[in-house]
Amino acid sequence: EVQLVESGGGLVQPGGSLRLSCVASGFTFSSYWMHWVRQVPGKGLVWVSRISTDGSSTSYADSVKGRFTISRDNAKNTLYLQMNSLRPEDTASYYCLRGSIAWRGVDVWGQGTAVSVSS
Amino acid sequence: DIVMTQTPLSSPVTLGQPASISCRSSQSLVHSDGNTYLSWFQQRPGQPPRLLIYKISSRFSGVPDRFSGSGAGTDFTLQISGVEAEDVGIYYCMQATQIPHTFGQGTKLEIK
């Protein structure tokens, strides 16, 4: 069964940092692009970032560029999102997603991890 | 960025009746490779979203055939042929033709 399990969320003060992790199982992690998407409680979905299979290519939403860094460890089947200089508007559930191998887009979602930025 | 606009934002439907959700993009979603990367997702209450439809009209694995997608260019539609109670939730379209990928605002499907 394909699974994505996020962790690392929590409460952090403005200006602080967090690192989210996403452990993948049930598929060959190193063959798939991976993404992060976030959702403010009760609001819509916002794409955050993506990374290529070997980590050599990354993209970010303008709202997080320069503050967030996506990375991966294919030996550990793990995707990361390093979040620095956090702002209250970064408060959201963060989902790890698998990029489709057959078309541009995403197919499988994790359950999400909640991040709250507040003093 | 490509702006995705869904209508309606709320759709009360009688069980067994059809439902339709529209999604319009601010520019063509046809990629340079000739494909159109428009997907639909369903988010049930308290759950993460799940993929229903990709590339306008292809149903993802395990998705019931009452769900169908259509459209081209900038105008797309998700149709449910006969709504069931388990279909309650919020539906999102998403374009993956360009970076950043962008989502519609969501359409809340509820039972009358």
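The values are calculated or read from the model by the stated rules, or taken from the named source; none is laboratory data. The structure displayed is predicted, hence computed values, not measured ones. Cβ placement follows ideal geometry from the backbone for every residue including glycine, while neighbour counts extend to all protein chains displayed. Please note that ligands, DNA and RNA were not included when accessible areas were found on the heavy atoms of the full protein model with its side chains. Shrake-Rupley method; radii C 1.70, N 1.55, O 1.52, S 1.80 Å.
A few notes on this one:
- Interface between chains A and B: roughly 1800 Å² of accessible area buried, both sides summed (probe 1.4 Å, protein heavy atoms only).
- Rg/Rh for chain B (Cα atoms only, Rh after Kirkwood) is 0.95.
- Interface residues of the stretch B:62-110, defined as those with an accessible-area decrease of at least 20 Å² between the chain by itself and the complete set of protein chains (probe 1.4 Å), are B:Y92, B:M94, B:A96, B:I99, B:P100, B:H101, B:F103.
- Hz values of 3J(HN,Hα) by residue in the stretch A:106-119 - Karplus curve (6.51, -1.76, 1.60), Gly and Pro given as x: 10, 10, 9, 10, x, 7, x, 9, 8, 10, 10, 10, 7, 8
- Per atom type, the stretch A:38-84 shows carbon and sulfur on 45% of its accessible surface, probed at 1.4 Å.
- Taking 27 Å as the straight-line reach from the Cα of B:K108, the lysines in range (excluding those fewer than 8 positions away in the same chain) are A:K43, B:K55.
- Karplus (6.51, -1.76, 1.60) ³J(HN,Hα), θ = phi - 60°, over the stretch B:56-66, in Hz, Gly and Pro reported as x: 6, 9, 8, 7, 6, 3, x, 7, x, 6, 6
- Surface composition of chain B: carbon plus sulfur atoms contribute 48% of the solvent-accessible area (1.4 Å probe, protein chains only, all chains present).
- Proximal lysines relative to A:K76, as straight alpha-carbon distance under 30 Å, when same-chain residues fewer than 8 apart are discounted: A:K65
- Relative contact order (%) - criterion: Cα under 8 Å, at least six apart; region: chain A: 36
- Surface accessible to a 1.4 Å probe, per residue, for the residues of chain A, Å²: 44
- With a 10 Å cut-off around each Cβ of A:40-50, the average count of Cβ atoms from other chains is 4.
- For chain B, the relative contact order comes to 38 percent (Cα pairs under 8 Å, sequence separation of at least 6).
- DSSP beta bridges in the protein assembly as shown [antiparallel fraction, %, rounded to 5]: 90
- Sorted peptide list for A:33-39, B:105-111, criterion being average Cβ within 10 angstrom, highest first: A:33-39, B:105-111
- Probe 1.4 Å, accessible area per residue of chain B, Å²: 44
- Global form of the stretch A:1-81, assessed from the alpha-carbon gyration tensor, a/c cut-off 1.5: prolate
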